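Visitor: Could you have a look at this structure, given as structure tokens, before my questions?
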Amino acid sequence: MKQTVDKNRKELEAKLADVFDEEISKLPDELRCILLDDMVTAFENRLTIFNSVVAKTDN
């Protein structure tokens with residue numbers, strides 16, 4: 001399970017890197033990795049919150 005989550009996370013990071021390539025191209029590799037990780041984490045957190053809200057309204 002954890003391997004699947006890690007793989008999906010890396011795939012999402014790669015897609016975001018592709019989408020924001022021009023905007024992040026001038027950043028050093030380390031900062032680019034940090035930014036992409038932060039973006040994925042923020043996205044996952046928002047999904048968790050939205051799913052929680054939807055679950056509460058379904059009850």
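Visitor: Consider the range 22-36. How many of its residues are part of a helix (DSSP H, G or I) and either in contact with a Cys (Cβ under 7 Å, 6 or more places away or on another chain) or loosely packed, with under 10 Cβ neighbours inside 10 Å (or both)?
Guide: Qualifying residue count for the region: 4.
Visitor: Which residue out of 42, 17, 55 is assigned to a helix (DSSP H, G or I) and in contact with a helix residue (DSSP H, G or I) (Cβ under 7 Å, 6 or more places away or on another chain)?
Guide: On the way: 42 fails: in contact with a helix residue (DSSP H, G or I) (Cβ under 7 Å, 6 or more places away or on another chain); 55 fails: in contact with a helix residue (DSSP H, G or I) (Cβ under 7 Å, 6 or more places away or on another chain).
Answer to the selection: 17.
Coordinate-derived values only; no laboratory data. As the structure is a computational prediction, the values presented were derived from the model and not from experiment. Cβ atoms come from the backbone with ideal geometry, glycine included; neighbour counts cover every protein chain shown.
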